[in-house]
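Comments concern the structure below.
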Amino acid sequence: MDDLTQHLSTRAFGRAHEHHVSLGSTNDRAAAWLREGGPHGLVVTADTQTAGRGRKGRVWSSPPGHNLYVSLGLRVGSARRDLSALGLVVGLGIYEGLGPIEGLGLKWPNDLLIGERKLAGILCESRWAEDVEVVVGFGINLRRDGIDPAVAGRAVALEEVGVSEGRGVILAALLAALERRLDVFLMTGFEEHRDAYLAANVQIGHRVRVDAGTETFEGVAEAIDDAGALVVETDIGTRVVHAADVTRAR
Ligand code: BTN
């Protein structure tokens with residue numbers, strides 16, 4: 001990832017960058033660096049992770065050299081506390097940074113799909129100190145041979161849609177798009193990003209199945225509210241979903 005700096009067009013994101021051959025989790029290293037006083041916009045990358053993690057404590061398989069494993073550290077002023085839609089806006093930034101790709105879309109809350117297969121996942125974690133220290137972690141499949149055989153049928157890599165640039169070039173484009181979106185989001189909230197998010201989302205207007213852990217139901221995904229929650233119209237009324245796995249209903 002030596003070439004990241006030469007491709008960067010950002011003000012802050014990626015200007016402080018650590019690359020590791022191997023880490024437990026880039027999210028953990030980014031959180032530690034923030035705790036040690038690291039700057040807003042710091043970026044940690046790794047060739048491989050030995051304890052990569054996803055949402056809900058799932059394992060994020062992270063074999064060496066084939067994919068992007070990235071954590072971005074943000075310092076958010078204590079006045080700006082409502083970060084509930086952050087993951088959605090991160091998804092939107094990555095979607096825009098990848099550029100036009102046939103079939104690329106966002107799945108609420110913050111997965112990126114090509115068609116029905118998963119390309120990338122996002123894990124945001126935060127700690128409240130003097131300011132709020134936020135780690136935005138994302139993993140993107142670059143190469144088919146870097147995909148865990150256990151999820152091979154449900155996952156897709158960028159090389160399969162003809163994207164073959166190196167990791168530094170791709171990451172520089174992602175950081176530029178993320179900085180554009182997050183600078184505004186951290187000042188003003190979700191409203192300004194809603195239309196772009198809705199246009200990129202593949203579920204809005206469709207019948208979905210919501211698995212909220214304790215219950216499962218179906219309905220039509222109608223909207224996203226100010227807190228980034230998914231508004232689902234069911235046969236027995238409106239449900240506002242804050243955390244769940246949501247798939248298209250068959
Ligand atoms: C998900 O889809 O469940 C989120 C996956 C997030 C994976 C990335 S890879 C870089 C960063 N470090 C981690 O341990 N997880 C995130």
Residue ID - farthest from Trp33 (Cα to Cα), chosen from residues in segment 60-85 that are aliphatic (A, V, I, L, M) and within 9 Å of the ligand (Cβ to nearest atom) | Leu68
Residue ID - nearest to Arg75 (Cα to Cα), chosen from residues in segment 158-185 that are in a loop (DSSP other than H, G, I, E, B) and touching a residue at least 40 places away in the same chain (Cβ under 8 Å) = Gly166
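Residue by residue, here is whether (1) more than 21 Å from Thr48 (Cβ to Cβ); (2) of a type outside the set (D, E, K, R); (3) in contact with a helix residue (DSSP H, G or I) (Cβ under 9 Å, 6 or more places away or on another chain) holds:
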| position | (1), (2), (3) |
| --- | --- |
| Leu83 | yes, yes, yes |
| Leu86 | yes, yes, yes |
| Ile114 | yes, yes, yes |
| Ile147 | no, yes, no |
| Val156 | no, yes, yes |
| Val169 | no, yes, yes |
Please work out which one of (1) away from the ligand (no atom under 11 Å from the Cβ); (2) open to solvent by less than 60 Å² (accessible area, probe 1.4 Å); (3) within 18 Å of the chain's Cα centre (by Cα); (4) modelled with pLDDT of 95 or more is the condition Ala46 fails and give its number.
-> (1)
All but one of (1) outside any strand (DSSP E or B); (2) within 14 Å of the ligand (Cβ to nearest atom); (3) not β-branched (Val, Ile, Thr) hold for His20, so report the exception by its number.
-> (1)
Subset of segment 112-127 [modelled with pLDDT under 95 and farther than 22 Å from Ala32 by Cα] = Glu116
Qualifying positions in segment 228-243 - within 17 Å of the chain's Cα centre (by Cα) and open to solvent by less than 30 Å² (accessible area, probe 1.4 Å) = Gly228, Ala229, Leu230
Mind checking whether some residue in segment 9-22 is modelled with pLDDT of 95 or more, crowded, with 18+ Cβ neighbours inside 10 Å, of a type in the set (A, V, I, L, M, F, W, C) and in contact with a strand residue (DSSP E or B) (Cβ under 6 Å, 6 or more places away or on another chain)?
-> no
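Each row is one residue, and each column tells you yes or no for (1) among the hydrophobic types (A, V, I, L, M, F, W, C); (2) surrounded by fewer than 21 Cβ atoms within 10 Å (Cβ to Cβ); (3) within 19 Å of the chain's Cα centre (by Cα).
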{"position": "Ala173", "(1), (2), (3)": "yes, yes, yes"}
{"position": "Ala176", "(1), (2), (3)": "yes, yes, yes"}
{"position": "Leu198", "(1), (2), (3)": "yes, yes, yes"}
{"position": "Asn201", "(1), (2), (3)": "no, no, yes"}
{"position": "Gly205", "(1), (2), (3)": "no, yes, no"}
{"position": "Val220", "(1), (2), (3)": "yes, yes, no"}
The lone exception for Val43 - which of (1) of a type in the set (A, V, I, L, M); (2) touching a residue at least 60 places away in the same chain (Cβ under 8 Å); (3) closer than 18 Å to Leu123 by Cα; (4) not in a strand (DSSP E or B) it fails | (4)
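The values are calculated or read from the model by the stated rules, or taken from the named source; none is laboratory data. Treat the numbers as computed from the prediction; the structure is a model and nothing was measured. Here the Cβ is made from the backbone with ideal geometry for all residues, glycine too, and neighbour counts use every protein chain on show. To get the accessible areas, we keep the full protein, side chains included, count just its heavy atoms, and leave off ligands, DNA and RNA. Shrake-Rupley method; radii C 1.70, N 1.55, O 1.52, S 1.80 Å.
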